[in-house]
Amino acid sequence: MLRWSFAFLVLALVAALFGFGGIASGAASLAKILFVVFLVLWLLSFGVGLITGKNSRSLP
């Protein structure tokens, strides 16, 4: 999902460079939304990992 937000960010920058304001603002807002969704999902998975005590780096 983070790749999608960066893809829409790049699309917004390229569209703004060529003067397509409507497409640039739409892509930028979509990139912001996807980035926030990514952060929320990451924080949830981090919290669940802390609560359950499951750590992929721990060795027996």
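Counting only the backbone N, which residues of segment 1-36 are under 14 Å from the spot 7 Å out from the Cα of residue 48 toward its beta-carbon? Hits in segment 1-36 for residue 48 at 14 Å: none. Backbone phi angles across segment 20-35, fed through the Karplus curve with coefficients 6.51, -1.76 and 1.60 (θ = phi - 60°), yield HN-Hα couplings of 8, x, x, 5, 5, 5, x, 5, 5, 5, 5, 5, 5, 4, 5, 5 Hz in residue order; Gly and Pro are listed as x. Measure off, as a whole percent, the carbon and sulfur share of the 1.4 Å-probe accessible area of the chain, all protein chains present. Here carbon and sulfur together make up 76 percent of the probe-accessible area. The long axis of helix 2-17 is offset from the longest Cα principal axis of the chain by roughly 20 degrees. Computed over the alpha-carbon pairs of the chain, the distance histogram in 5 Å steps reads 4, 20, 18, 14, 11, 9, 9, 7, 5, 4, 1, 0 percent, short to long.
The values are calculated or read from the model by the stated rules, or taken from the named source; none is laboratory data. Bear in mind the structure is a predicted one, so any value in this text is a computation, not a measurement. Here the Cβ is made from the backbone with ideal geometry for all residues, glycine too, and neighbour counts use every protein chain on show. When the accessible area is computed, the model is the full protein with side chains, heavy atoms only, and any ligands, DNA or RNA have been set aside. Shrake-Rupley method; radii C 1.70, N 1.55, O 1.52, S 1.80 Å.
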